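Peer 1: Here it is, the structure in full.
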Amino acid sequence: MEERKILLEEEDMPDKWYNIQADIEIPPPLHPATLEPLKPEDMEPIFPKALIKQEMSKDRWIRIPEEVKEIYRIWRPTPLYRAIGLEKFLKTPAKIFYKWEGVSPPGSHKPNTSVAQAYYNAKEGVERLTTETGAGQWGSALAFACRFFGLKCTVYMVKCSYEQKPYRRILMQTWGAEVIPSPSDKTEFGRKVRQEMPSTAGSLGIAISEAIEDAIKHENTKYSLGSVLNHVVLHQTIIGLEMKKQFDMLDLKPDVICGCVGGGSNFSGGIFPFVPDKMKGEEIKFIAAEPMACPTLTKGIYAYDFGDTAQQTPLLKMHTLGHDFIPPAIHAGGLRYHGDAPLLCKLVDEGIVEARAYYQNEVFEAAKIFAQTEGFVVAPETAHGLKAAIDEAIRCRKKKEEKVICFVNSGHGHFDLAAYDLYNNGMLQDYEYPEELIREAIQRLPCI
Ligand SMILES: *Cc1c(COP(=O)(O)O)cnc(C)c1O
């Protein structure tokens, strides 16, 4: 009988994160005003020292504090599943696996970093964290984490989500966070946006600007980001490190690892521990999947850009659609950030990682097949990585190849059922972000 679920013992949970900065080098972040490489003290108004150190560290292994492991143990180690039902449905000779991160209380991989970030902030005497959230996954992960370390939490939630997706707002409030629709009148930048664009639905870039402004202007308050930055992807490497141990238990090695990319944290966390193997010559394919509606890696350019709309953040060298990108309203599939993690972008630029973009109807079709063959209803974001895995499995059927395919199953879709409803009723429209908008946005990139 084939094993369906590969479980690690609690004591086999990794006790260090893997820092890929020991093995690859990226162009430094630049100060937004001087354009000089950023110094650690430049980041101190918004991040605690321990996280700044991790952001710039070249140490290959970083110890996971006992207090963080204590909380991780609520849901970690997470199971690796063999997708037997999906394999049968696809009639593929490939073995398909998925690393299931939906078992955390907020329902995604995001608490792998929110718990660590809350811990380091609390340890340095911070009393409140601010952040932004789109659909609410990151906000809920941070609200959950702040609870465990006695921190207050303020979440700027993109206005259209605040209005259309009440359940994650309720979840954040249940964990004790204050949730503010963005753009708001709480910040100078929010007020300015509301004056200039009274009917705007908001964007992640705007909400980030508000959360940073709030942190800078208040005592004992820092800002927390749920993706993109080096320390965030560092914390997420626990996904790939566990996966490695689980494949070792099976005496298998993945040939292909797929995952979805919004800011790049779950996918990077899944693949980074395998990247040194590829650099040593092992054959392993990494596929990053993103929406056609926000095609950062496939159509964006690799250049320095701001992380937010107000141009307050350091400049990061990354694939970008431009810092003033506002995602199309008809897009239901999540993954709406204009940039991506610089560490991941570097791997894409070097050809170590392949990127693919998908339309939302084909993504939801994959999600529905998965729900009907494996049972789990995954987040629309996650379904992009799943779609890539299904495509690979179909390719294996055509070529009669018995490959081992794994995808990072980043979270459940229980709060995204309205999007499933649209799909079930044939009401989702495919949308491709127009090339001319990308060309225009590139004109507005900082000149470096
Ligand atoms: C936030 C989120 C993503 C996208 O963020 P990354 O940083 O790219 O991982 C993907 N899946 C789920 C379930 C999420 O909550």
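Peer 1: Among the listed residues Ala419, Ala357, Ala366, Ala388, identify the single one that is surrounded by 15 or more Cβ atoms within 10 Å (Cβ to Cβ) and within 30 Å of Leu30 (Cα to Cα). First the steps, then the outcome.
Peer 2: Numbers: Ala419 fails: within 30 Å of Leu30 (Cα to Cα); Ala366 fails: within 30 Å of Leu30 (Cα to Cα); Ala388 fails: within 30 Å of Leu30 (Cα to Cα).
Among Ala419, Ala357, Ala366, Ala388, only Ala357 is surrounded by 15 or more Cβ atoms within 10 Å (Cβ to Cβ) and within 30 Å of Leu30 (Cα to Cα).
Peer 1: Considering only residues that are over 12 Å from Asp214 (Cβ atoms) and either part of a strand (DSSP E or B) or in contact (Cβ under 8 Å) with a residue 12 or more places away in the chain (or both), which ones fall in the stretch 175-196?
Peer 2: Matches in the stretch 175-196: Trp175, Gly176, Ala177, Val179, Pro181, Pro183, Val193.
Peer 1: Can you tell me how many residues within the stretch 134-156 are surrounded by fewer than 24 Cβ atoms within 10 Å (Cβ to Cβ) and either out of contact with any helix residue (DSSP H, G or I) (no Cβ under 8 Å at 6 or more places or on another chain) or assigned to a helix (DSSP H, G or I) (or both)?
Peer 2: 2
Peer 1: Restricting to the stretch 37-92, name every residue that is basic (Lys, Arg) and either assigned to a loop (DSSP other than H, G, I, E, B) or surrounded by 15 or more Cβ atoms within 10 Å (Cβ to Cβ) (or both). So that I can check it myself, show each step before the final result.
Peer 2: As a first pass, look at the stretch 37-92 and keep what is basic (Lys, Arg): 39, 49, 53, 58, 60, 63, 69, 73, 76, 82, 88, 91.
Of everything in the stretch 37-92, those that are basic (Lys, Arg) and either assigned to a loop (DSSP other than H, G, I, E, B) or surrounded by 15 or more Cβ atoms within 10 Å (Cβ to Cβ) (or both) turn out to be Lys39, Lys53, Lys58, Arg60, Lys69, Arg73, Arg76, Arg82, Lys91.
Peer 1: Would you check if there is a residue in the stretch 115-133 being outside any loop (DSSP other than H, G, I, E, B), in contact with a His (Cβ under 9 Å, 6 or more places away or on another chain) and within 13 Å of the ligand (Cβ to nearest atom)?
Peer 2: Scanning the stretch 115-133, I find no residue that is outside any loop (DSSP other than H, G, I, E, B), in contact with a His (Cβ under 9 Å, 6 or more places away or on another chain) and within 13 Å of the ligand (Cβ to nearest atom), so the answer is no.
Peer 1: Same structure again: Restricting to the stretch 343-354, count the residues that are of a type outside the set (A, V, I, L, M) and either assigned to a loop (DSSP other than H, G, I, E, B) or within 13 Å of the ligand (Cβ to nearest atom) (or both).
Peer 2: Kept after step one, since they are of a type outside the set (A, V, I, L, M), are these residues of the stretch 343-354: 345-346, 349-351, 354.
With either assigned to a loop (DSSP other than H, G, I, E, B) or within 13 Å of the ligand (Cβ to nearest atom) (or both) added as a condition, the list becomes 345, 350-351.
Qualifying residue count, the stretch 343-354: 3.
Peer 1: Right, here's the next one. Can you tell me how many residues within the stretch 16-36 are closer than 30 Å to Met279 by Cβ, part of a loop (DSSP other than H, G, I, E, B) and touching a helix residue (DSSP H, G or I) at 6+ places or on another chain (Cβ under 7 Å)? Give the steps one after another, and end with the answer.
Peer 2: To start, the set of residues in the stretch 16-36 that are closer than 30 Å to Met279 by Cβ comprises 16-30.
Next, only the ones that are part of a loop (DSSP other than H, G, I, E, B) stay: 19, 23-29.
Add one more test, that the residue is touching a helix residue (DSSP H, G or I) at 6+ places or on another chain (Cβ under 7 Å), and what stays is 19, 23-24, 26.
Of the residues in the stretch 16-36, 4 are closer than 30 Å to Met279 by Cβ, part of a loop (DSSP other than H, G, I, E, B) and touching a helix residue (DSSP H, G or I) at 6+ places or on another chain (Cβ under 7 Å).
Peer 1: While we're on this one: Restricting to the stretch 154-174, what's the tally of residues that are without any contact (Cβ under 8 Å) to a residue 60 or more places away in the chain and aromatic (Phe, Trp, Tyr)?
Peer 2: 2
Peer 1: For the stretch 381-419, give me the residue count where each residue is in a helix (DSSP H, G or I), among the basic types (Lys, Arg), away from the ligand (no atom under 15 Å from the Cβ) and in contact (Cβ under 8 Å) with a residue 12 or more places away in the chain.
Peer 2: Matching residues across the stretch 381-419 total 1.
Peer 1: Let me ask something else. Do you know which of the residues in the stretch 208-235 that are within 16 Å of the ligand (Cβ to nearest atom) and of a type in the set (Ser, Thr, Tyr) is farthest from Glu132 (Cα to Cα)?
Peer 2: Per the stated criteria, the residue is Ser227.
Peer 1: Of (1) within 16 Å of the ligand (Cβ to nearest atom); (2) in contact with an Asp or Glu (Cβ under 8 Å, 6 or more places away or on another chain); (3) of a type in the set (A, V, I, L, M, F, W, C), Cys153 satisfies all except one. Which?
Peer 2: (1)
Peer 1: Residue under question is Val378, and the condition is that it be within 29 Å of Lys317 (Cβ to Cβ), buried (at least 23 other Cβ atoms within 10 Å of the Cβ), within 16 Å of the ligand (Cβ to nearest atom) and among the hydrophobic types (A, V, I, L, M, F, W, C); does it hold? Walk me through how you get there before you give the answer.
Peer 2: Numbers: within 29 Å of Lys317 (Cβ to Cβ): no; buried (at least 23 other Cβ atoms within 10 Å of the Cβ): yes; within 16 Å of the ligand (Cβ to nearest atom): yes; among the hydrophobic types (A, V, I, L, M, F, W, C): yes.
Spelling it out, it is not the case that Val378 is within 29 Å of Lys317 (Cβ to Cβ), buried (at least 23 other Cβ atoms within 10 Å of the Cβ), within 16 Å of the ligand (Cβ to nearest atom) and among the hydrophobic types (A, V, I, L, M, F, W, C).
Peer 1: Quick one: would you say Ser265 is surrounded by 24 or more Cβ atoms within 10 Å (Cβ to Cβ) and more than 14 Å from the ligand (Cβ to nearest atom)?
Peer 2: Working: surrounded by 24 or more Cβ atoms within 10 Å (Cβ to Cβ): yes; more than 14 Å from the ligand (Cβ to nearest atom): no.
Against the criterion (surrounded by 24 or more Cβ atoms within 10 Å (Cβ to Cβ) and more than 14 Å from the ligand (Cβ to nearest atom)), Ser265 does not qualify.
Peer 1: Return yes when Ala289 is in contact with a Lys or Arg (Cβ under 8 Å, 6 or more places away or on another chain), of a type in the set (A, V, I, L, M, F, W, C) and at pLDDT 95 or above and no when it is not. Talk me through it step by step, then tell me what you get.
Peer 2: Numbers: in contact with a Lys or Arg (Cβ under 8 Å, 6 or more places away or on another chain): yes; of a type in the set (A, V, I, L, M, F, W, C): yes; at pLDDT 95 or above: yes.
Taking the combined requirement at face value, the residue satisfies it.
Peer 1: Tell me, please, whether a residue that is acidic (Asp, Glu) and under 18 Å from Pro254 (Cβ atoms) can be found in the stretch 391-399. Break it down stepwise before answering.
Peer 2: Just the residues of the stretch 391-399 that are acidic (Asp, Glu), to begin with: 391-392.
Still in the running and under 18 Å from Pro254 (Cβ atoms): 391-392.
Yes - at least one qualifying residue is present in the stretch 391-399.
Peer 1: Taking helices (runs of 4 or more DSSP H) that fall entirely within the stretch 234-340, which contain at least 2 residues that are more than 20 Å from Leu204 (Cβ to Cβ) and not aromatic (Phe, Trp, Tyr)?
Peer 2: Values: elements: 265-271, 275-279, 296-299.
Helices (runs of 4 or more DSSP H) meeting the threshold: 265-271, 275-279.
Peer 1: Being surrounded by fewer than 21 Cβ atoms within 10 Å (Cβ to Cβ), in contact (Cβ under 8 Å) with a residue 60 or more places away in the chain, in contact with a strand residue (DSSP E or B) (Cβ under 7 Å, 6 or more places away or on another chain) and charged (D, E, K, R): is that true of Lys299 here? Walk me through how you get there before you give the answer.
Peer 2: Working: surrounded by fewer than 21 Cβ atoms within 10 Å (Cβ to Cβ): yes; in contact (Cβ under 8 Å) with a residue 60 or more places away in the chain: yes; in contact with a strand residue (DSSP E or B) (Cβ under 7 Å, 6 or more places away or on another chain): no; charged (D, E, K, R): yes.
Spelling it out, it is not the case that Lys299 is surrounded by fewer than 21 Cβ atoms within 10 Å (Cβ to Cβ), in contact (Cβ under 8 Å) with a residue 60 or more places away in the chain, in contact with a strand residue (DSSP E or B) (Cβ under 7 Å, 6 or more places away or on another chain) and charged (D, E, K, R).
Peer 1: May I ask you to list the residues in the stretch 420-441 that are part of a loop (DSSP other than H, G, I, E, B), in contact (Cβ under 8 Å) with a residue 24 or more places away in the chain and not acidic (Asp, Glu)?
Peer 2: Answer for the stretch 420-441, where residues must be part of a loop (DSSP other than H, G, I, E, B), in contact (Cβ under 8 Å) with a residue 24 or more places away in the chain and not acidic (Asp, Glu): Leu428, Gln429, Tyr431, Tyr433.
Peer 1: In this structure, is Gly205 within 16 Å of the ligand (Cβ to nearest atom), assigned to a helix (DSSP H, G or I) and under 22 Å from Ala357 (Cβ atoms)?
Peer 2: Working: within 16 Å of the ligand (Cβ to nearest atom): yes; assigned to a helix (DSSP H, G or I): yes; under 22 Å from Ala357 (Cβ atoms): yes.
For Gly205, the condition - within 16 Å of the ligand (Cβ to nearest atom), assigned to a helix (DSSP H, G or I) and under 22 Å from Ala357 (Cβ atoms) - is met.
The values are calculated or read from the model by the stated rules, or taken from the named source; none is laboratory data. Keep in mind the model is a prediction, meaning the values are calculated, not measured. Glycine also receives a Cβ, built like all others from the backbone with ideal geometry; neighbour counts cover every protein chain displayed.
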